[in-house]
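Notes for the one structure printed next.
The values are calculated or read from the model by the stated rules, or taken from the named source; none is laboratory data. Just so you know, these numbers come straight off a predicted model, no measurement behind them. Cβ sites come from the backbone with ideal geometry, for glycine too, and all protein chains shown count toward neighbours.
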Amino acid sequence: MLSANARREEIYHLAVTTGLASVEELSAKFEVTASTIRRDLALLNSQGRLARTYGGAMAMGAHPEASLRQRTGEAFEQKHAIARWAASVIRPGENILLDAGSTAGALAHELRGFDRLSVTTPGLNTLQELADSEGIEVDCLGGRLRGVSQSFVGPLAEAALERMSFDRVFLGADAVTAEDGICEADHAQTRLKELMARRGRLVYVLADSSKLGLRPFHAWARLALPWTLVTDDGADPAQVQKFRDAGVQVEVAAVGG
């Protein structure tokens, strides 16, 4: 039987991909009581990940964007495993671009002990993580602040990028597919991610396994090959193969490794 956390992630995945909704269906599928499912749905609703309708169904037509604070607590071990892998490929003296988001924030935490590193970011959480790191030079992409994601977007950030280049670019994602790239809630975010990807010698998308193959929003960042997907070892092998078949390099980080 799945753990409570794993069951909730599967409920979220089913709701996004198939719309499977009723309490009775979910209770039968996961072999738990209806009251357990209702508690799962209430928690997912409080996290801003799913909306509820009459009868216990989840309305997926207008998927709410979770705040950075909400996302920081989701898939915690997976995100930190991905962050450790990403930190392991960074070398002293490199100039890197680190996206906003919870996984990027986990990577920033891993970088705190680095020396002779230059980091540029639009993310407030990365700025906070690295503000007192003496060995790291930090630049901020300014612009319009999106409160829900705690990140800067817009023409000012885009103009600054045109005057920069990077050894490595690490992008976050609300979701990612092999066919269409990075999915986000806002077109300003996807525009900035596309520009960030163009400025990097090596491009990585940091996405835990719960985000693979999902399409929760309607804004997309298309990435030119080559780029690397970094996910965790809970990823569905069929999803991983889709990315590899599309020409994307995939690296799998071991959770707890």
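Counting only residues that are over 22 Å from SER67 (Cβ atoms) and polar (S, T, N, Q), the range 25-46 holds 4 of them.
Residues checked against (1) in the same structural domain as GLY93 (by TED's automatic domain parsing); (2) under 16 Å from the mean Cα position of the chain (by Cα); (3) under 20 Å from GLY143 (Cα atoms); (4) surrounded by fewer than 20 Cβ atoms within 10 Å (Cβ to Cβ):
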site: LEU161; (1), (2), (3), (4): yes, no, yes, yes
site: GLU184; (1), (2), (3), (4): yes, yes, yes, no
site: TYR204; (1), (2), (3), (4): yes, yes, no, no
site: LYS211; (1), (2), (3), (4): yes, yes, no, no
site: ARG222; (1), (2), (3), (4): yes, yes, no, yes
site: THR231; (1), (2), (3), (4): yes, yes, no, no
site: GLN241; (1), (2), (3), (4): yes, no, no, yes
site: ARG244; (1), (2), (3), (4): yes, no, no, yes
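For the range 206-257, the strands (runs of 3 or more DSSP E) that sit wholly inside it and include 2 or more residues that are among the hydrophobic types (A, V, I, L, M, F, W, C) and within 17 Å of ILE82 (Cα to Cα) are 228-232, 249-253.
Residues of the range 144-174 that are over 30 Å from SER210 (Cα atoms) and not hydrophobic (A, V, I, L, M, F, W, C): PRO155, GLU162, ARG163, SER165. Exactly one residue out of ALA75, ALA28 is surrounded by fewer than 17 Cβ atoms within 10 Å (Cβ to Cβ), among the aliphatic types (A, V, I, L, M) and modelled with pLDDT of 80 or more, and it is ALA28. Of all residue pairs spaced 6 or more apart or on separate chains, those with beta-carbon atoms under 8 Å, a first member in the range 81-92 that is within 15 Å of ASP232 (Cα to Cα) and a second member that is among the β-branched types (Val, Ile, Thr) and in a helix (DSSP H, G or I) are ILE82/THR103; ALA83/THR103.
Mind checking which residues of the range 133-175 are assigned to a strand (DSSP E or B), touching a residue at least 24 places away in the same chain (Cβ under 8 Å) and over 24 Å from ARG91 (Cβ atoms)? Those that are assigned to a strand (DSSP E or B), touching a residue at least 24 places away in the same chain (Cβ under 8 Å) and over 24 Å from ARG91 (Cβ atoms): ARG144, ARG146, SER151, PHE152, VAL153, ALA175.
Of the residues making up the range 84-93, one or more are within 20 Å of VAL203 (Cα to Cα), exposed (fewer than 14 other Cβ atoms within 10 Å of the Cβ) and under 21 Å from the mean Cα position of the chain (by Cα).
Please find, among ARG49, ARG8, the residue that is closer than 24 Å to CYS183 by Cα and at pLDDT below 80. Only one candidate passes the filter, namely ARG49.
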